[in-house]
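Comments concern the structure below.
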Amino acid sequence: MLLAPMRYKDYSWPHNPRVYSIDYERKMAVNKIPFGYYFLQDLGRTRRVMRGEGEFCGEDAYAQFGALANVFYDKGPGMLIHPLWQSASAYFVELRLEQEPRPWYVRYSFAFWEDMSYYSGEARPLQERKTAAAGAAAQVHQVVKGETLWGIAQKYGLSMQSLVGLNPGMKNPNQIQVGDEVRIR
C-alpha cells in the first residue's frame, strides 16, 4: 500500500518517518483526605505530543535534513498531516540529528506539540454564507458517514491548511460530524 507523504507547513517528507507515535496526556491531582484515603482530581487533557524517527538516504540526504531544519526555524504553528493519523495544528518543538551525518545517510528524530489554542472553546459567530470578495454564495460540502477532512481536501484538490483556513469556525478539524457543512470555496 502506497501512502501519501507526511507534511508540515510547506515541507513534504520524501518518504515517511520510520517511527511515528502520539502521546496523549491528562493532568491529575491527588488530594489527601482523613484516614489515609485520597481523592483524584481530573485537571483535564493537555497537549498531544507527536514524535517520530526517520532517515534521509541518497545523494541529497543532508540537503533534505537542512530543508526540514529550515521548517523548524519557522515561527508559529502549522498543520501536521500524517497519511494515517489525525491531522493537527502543531508547533515543531524538537529536531535532533541522531548521529554524525554521512554524505548519503542522515538519521533524525522530531517532536511536535499540538496547538491547544486552536481548541479554545470560545463561542464564534456563524460564518457568512457569502464570500466577501465576489458576493457569491460560498460552496460547501456536507459531511457524510466515513468522511474525514483530509479526504474532503483531497476530493476538492485543496491542502489541509487551506481547507482549515476556509473554515475558521471549526473547533476541531479531527472531529467532523455527519451533516456538518465544510466550506470548500
**Q.** Top-ranked residue of region 137-153 - restricted to ones that are open to solvent by less than 30 Å² (accessible area, probe 1.4 Å) and over 17 Å from Leu80 (Cα atoms), ranked as modelled with the lowest pLDDT
**A.** Ala138
Q: Scan region 28-49 for residues that are closer than 18 Å to Asp115 by Cβ and either modelled with pLDDT of 85 or more or charged (D, E, K, R) (or both) and report the count.
A: 4
Q. Is it fair to say Asp23 is open to solvent by 80 Å² or more (accessible area, probe 1.4 Å), touching a residue at least 12 places away in the same chain (Cβ under 8 Å) and either within 30 Å of Ile176 (Cβ to Cβ) or in contact with a Leu (Cβ under 6 Å, 6 or more places away or on another chain) (or both)?
A. no
Q.
I'm checking my understanding of the structure. Among residues of region 154-172 that are in a loop (DSSP other than H, G, I, E, B) and open to solvent by less than 50 Å² (accessible area, probe 1.4 Å), which one is farthest from Pro5 (Cα to Cα)?
A. Gly169
Q: Could you list, in sequence order, all residues of region 12-61 that are under 25 Å from Val93 (Cβ atoms), of a type in the set (Phe, Trp, Tyr) and out of contact with any helix residue (DSSP H, G or I) (no Cβ under 9 Å at 6 or more places or on another chain)?
A: Tyr20, Tyr24
Q.
Among the residues of region 26-61, what is the count of those that are of a type in the set (D, E, K, R), without any contact (Cβ under 8 Å) to a residue 12 or more places away in the chain and out of contact with any strand residue (DSSP E or B) (no Cβ under 8 Å at 6 or more places or on another chain)?
A. 1
Q: Pick out the one residue from Tyr105, Tyr118 that is among the hydroxyl-bearing types (Ser, Thr, Tyr), modelled with pLDDT of 50 or more, out of contact with any Lys or Arg (no Cβ under 7 Å at 6 or more places or on another chain) and open to solvent by less than 80 Å² (accessible area, probe 1.4 Å).
A: Tyr105
Q: Quickly run through region 58-86 and pick out the residues that are open to solvent by less than 80 Å² (accessible area, probe 1.4 Å), closer than 30 Å to Gln175 by Cα and hydrophobic (A, V, I, L, M, F, W, C).
A: Leu68, Val71, Phe72, Met79, Leu80, Ile81
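Tell me, please, whether a residue that is outside any helix (DSSP H, G or I) and either in contact (Cβ under 8 Å) with a residue 60 or more places away in the chain or touching a Cys at 6+ places or on another chain (Cβ under 8 Å) (or both) can be found in region 62-74. Before the answer, list the steps.
From region 62-74, those outside any helix (DSSP H, G or I) are 74; that's our starting set.
Those left that are additionally either in contact (Cβ under 8 Å) with a residue 60 or more places away in the chain or touching a Cys at 6+ places or on another chain (Cβ under 8 Å) (or both): 74.
Scanning region 62-74, I find at least one residue that is outside any helix (DSSP H, G or I) and either in contact (Cβ under 8 Å) with a residue 60 or more places away in the chain or touching a Cys at 6+ places or on another chain (Cβ under 8 Å) (or both), so the answer is yes.
Could you tell me which residue of region 31-55 is farthest from Tyr73 (Cα to Cα), considering only residues that are open to solvent by 100 Å² or more (accessible area, probe 1.4 Å) and not basic (Lys, Arg)?
Filtering region 31-55 down to residues open to solvent by 100 Å² or more (accessible area, probe 1.4 Å) leaves 32, 35, 37-39, 43, 45.
Narrowing the set further to residues that are not basic (Lys, Arg) leaves 35, 37-39, 43.
Working: Phe35: 53, Tyr37: 49, Tyr38: 45, Phe39: 43, Leu43: 32 Å.
Here the answer is Phe35.
The values are calculated or read from the model by the stated rules, or taken from the named source; none is laboratory data. These numbers were taken from a predicted model, which means no experiment stands behind them. We place every Cβ from the backbone using ideal geometry, glycine too, and count neighbours over all the protein chains shown. Protein only, heavy atoms only, side chains kept; ligands, DNA and RNA dropped before computing areas. Shrake-Rupley method; radii C 1.70, N 1.55, O 1.52, S 1.80 Å.
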